[in-house]
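Peer 1: Supplied in structure tokens, the structure appears directly below.
The values are calculated or read from the model by the stated rules, or taken from the named source; none is laboratory data. This one's a predicted model, so the numbers in the text were calculated from it and none came from an experiment. Heads up, the Cβs are rebuilt from the backbone with ideal geometry, glycines too, and the neighbour counts pull from every protein chain shown.
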Amino acid sequence: MFDIGFWELTLIGIIGLVVLGPERLPVAIRTIKSWITGVRQFSDTMKSELTEELRIHELHANLKTAEQGGMTNLSPEVAESVKSLQEAAAAVNEPFKKLDTSALDSMITTSLETQKSNSTVVDDTSSHDPISTDKSAPDQICNKK
């Protein structure tokens, strides 16, 4: 990428060691590494988004060409674009399939029952507070000497 060789990296490392010192050099290297990783992730994201936008633009242009030609005598790439658009439209228009939710329902029911039983246990113990009802506790602490 930058065409930096071994000796250049060694020189940069020695200068960094002299300037930053051995305590701060590893932190600086980790920081620079995280910056480079962030820049790479950003560039990969932008590249994939641009590729997708170009693909969508190409599909749109092919669809316009197919509509102008009356959807007859289509070239292979235009026919492929129309087919992929039809598949995407069918996927969007297809109603959601009925999923088997019995396992999820039983898990929710069990969780609710457990939560309800735990709340009744907490309510039973909260009504009996031994510290606040025991009036002899301060006397026992004072007489314990």
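Peer 1: Out of Arg55, Arg40, which single residue is basic (Lys, Arg), closer than 28 Å to Ile12 by Cβ and in a helix (DSSP H, G or I)?
Peer 2: Selected residue: Arg40, the only one of Arg55, Arg40 that is basic (Lys, Arg), closer than 28 Å to Ile12 by Cβ and in a helix (DSSP H, G or I).
Peer 1: Something else now. Scan the stretch 80-102 and give yes if some residue there is at pLDDT below 85, in a helix (DSSP H, G or I), exposed (fewer than 10 other Cβ atoms within 10 Å of the Cβ) and of a type in the set (Val, Ile, Thr), otherwise no.
Peer 2: Yes: the stretch 80-102 contains one or more residues that are at pLDDT below 85, in a helix (DSSP H, G or I), exposed (fewer than 10 other Cβ atoms within 10 Å of the Cβ) and of a type in the set (Val, Ile, Thr).
Peer 1: When only residues in the stretch 1-42 that are among the charged types (D, E, K, R) and at pLDDT 90 or above count, which is surrounded by the fewest Cβ atoms within 10 Å (Cβ to Cβ)?
Peer 2: Looking at the filtered set, the residue picked out is Glu23.
Peer 1: Answer yes or no: is there a residue in the stretch 43-62 that is at pLDDT 95 or above, within 29 Å of the chain's Cα centre (by Cα) and under 30 Å from Val18 (Cβ atoms).
Peer 2: No - not one qualifying residue is present in the stretch 43-62.
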